[in-house]
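Rule-based calculations on the coordinates, nothing more; no lab input. Here the structure is a predicted model, which means the values were calculated and not measured. Cβ: placed from backbone, ideal geometry, glycine included. Neighbour counts: every protein chain shown.
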Amino acid sequence: MPMDANRWNGCRYAPEGAARFGHVESWFAKLNDPEGRRALWVKATLRVPDPREHAGGAVAESWAIAFERGRPPRAAKHTVPLGAAELSALGLDLTVGRLRWLPETLTGGVDGVRHTFGFDLHARDPGPALAPLPHPRLYAGPFPSSKFVSPAPDARFNGSFTVDGVTTAVSNWRGMQGHNWGRQHAHRYAWGHCNQFDDHDDLWFEGVTAQVRLGPLLAPPLTILCVSHRGVRYVFNRVRDLARARGRFDFRTWRFEAISADARVEGELTANVADMAGLRYDNPHGPPTFCLNSKIASGHLRLVVGGRAPLVARTRAAALEIGTHSTDHGVPIIA
């Protein structure tokens with residue numbers, strides 16, 4: 001990826017800040033096969049507990065999930081002390097256990113309790129990063145408590161990966177790579193991404209609806225959406241856009257809409273329980289967040305630009321993640 005985009009991958013962990021409030025930070029990638037049947041998700045996380053609640057226990061984690069339609073997701077997670085991981089403030093250069101991650105390569109693997117993953121992947125995204133928060137100061141200050149960026153929002157992957165010794169070849173699989181950090185995971189959220197739509201090779205979408213805490217209070221939901229079509233990006237993140245944007249979600253489905261001076265977008269992503277993996281994300285403080293994760297979600301997108309005819313696109317290869325503190329979501333926790 002371009003160097004300016006890779007700078008967004010620099011580790012934001014600052015020991016002096018984490019010593020006061022705790023810190024959580026993740027790098028993740030997802031890729032889908034061209035037929036929309038299979039997907040791979042890989043993640044590296046560092047977590048420093050809030051010292052007011054926990055003593056010690058700073059860790060780094062590597063995660064992997066293989067999704068395949070008609071088959072339960074297979075997952076692995078490996079945890080090491082934070083001091084045993086290698087991280088860089090300059091860009092994507094990290095090692096967690098056997099996982100080795102550089103700007104254009106993902107190698108090594110993740111050894112879990114039930115499953116073992118191996119990677120030999122190469123990624124390329126020549127486009128610029130997507131930094132969707134509406135002002136650069138929001139990436140440097142304390143608010144919001146959870147920040148996110150996509151250094152490679154429209155990546156192509158080649159190479160191979162293995163699950164329990166069985167190799168899957170990867171040839172021009174489409175995907176993305178993201179990075180998020182903060183004092184804790186968002187209190188409630190729905191996040192989605194797709195760059196593999198039926199009959200539309202020049203279209204990708206990413207967005208989020210999230211609620212974060214402001215001290216003891218819970219902020220209203222905020223929805224930020226981005227659509228790229230034929231190389232033109234429509235980012236719905238100006239103050240007026242945010243006031244009119246809407247996002248509604250439950251444990252299976254996220255519906256969203258936004259309008260700006262240039263365009264209007266609306267859509268829906270949904271996943272069956274059989275295509276979801278439940279993950280437990282421990283926070284630096286407070287209760288855990290449960291991530292209901294699918295990378296083979298279905299959905300549709302409707303984009304209207306100016307006076308043009310609406311573009312309507314459908315997919316069965318979308319990423320959908322629902323974050324919740326509820327325990328009655330019905331999705332098995334597998335990592």
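Figure the gain on full extension for His300 and Leu138 (residue separation times 0.36 nm, minus the Cα-Cα span) and round it to one decimal in nm.
Result for the pair: 55.3 nm of gain on full extension.
For the peptides 176-186, 79-89, 107-117, what is the packing order when you average, over each peptide's residues, the other Cβ atoms within 10 Å and list the highest mean first?
The peptides rank, most packed first, as 176-186, 107-117, 79-89.
Once you list every other residue whose beta carbon is under 11 Å from the beta carbon of Asn6, what net charge do they have if Lys and Arg are +1 and Asp and Glu are -1?
With Lys, Arg at +1 and Asp, Glu at -1, the neighbours total -3.
Whole-Hz Karplus ³J(HN,Hα) for segment 243-257, in order, using 6.51 cos²θ - 1.76 cosθ + 1.60 and θ = phi - 60°, x for Gly and Pro?
With the stated coefficients, segment 243-257 comes to 5, 9, 6, 9, x, 9, 8, 10, 6, 10, 9, 10, 10, 8, 7 Hz.
What FRET efficiency, computed as 1/(1 + (r/R0)^6) with R0 = 30 Å and r the Cβ-Cβ distance, is obtained for Asp201 and Arg244, rounded to the nearest 0.05?
Details: r = 30 Å, r/R0 = 1.00.
Given R0 = 30 Å and the Cβ-Cβ separation, E is 0.50.
Under the 0.36 nm per residue contour assumption, what length would be gained going from the current alpha-carbon distance of Arg280 and Ala89 to full extension? Mind showing how you got there, number by number?
On the way: separation 191, 0.36 × 191 = 68.76 nm, distance 2.65 nm.
That pair, Arg280 and Ala89, stretches by 66.1 nm at full extension.
Can you run phi through the Karplus equation (6.51, -1.76, 1.60; θ = phi - 60°) for segment 122-134 and list ³J(HN,Hα) in whole Hz, with x for Gly and Pro?
10, 10, 8, 9, x, x, x, 5, 10, 10, x, 4, x
Please list, by residue number, everything in segment 191-207 whose backbone N is under 17 Å from a paramagnetic label point 7 Å out along Cα→Cβ of Asn158.
Of the residues in segment 191-207, none has backbone N under 17 Å from the label point off Asn158.
Report the extension gain between Glu35 and Thr105 in nm, rounded to one decimal, defined as 0.36 nm multiplied by the number of residues separating them, less their alpha carbon distance.
Net length gain for the segment: 22.9 nm.
What number comes out for the charge environment of Glu86, summing +1 per Lys or Arg and -1 per Asp or Glu over other residues with Cβ under 10 Å away? Walk me through the intermediate numbers first.
Values: positive: Arg100; negative: Asp93.
Its environment carries a net charge of 0.
Residues of segment 183-209 with amide nitrogen under 14 Å from the 7 Å Cα-to-Cβ point of Ser326?
Only 188-190 pass the distance filter.
Could you work out [θ]222 nm for the chain from helices alone, using -39500 (n - 2.57) per DSSP H run of at least four and dividing by all its residues? Round to the nearest 500 deg cm²/dmol.
-1500 deg cm²/dmol
In nanometres, what is the gap between the two model label sites at Ser171 and Ala14, each 7 Å from Cα along Cα-to-Cβ?
About 4.8 nm, to one decimal.
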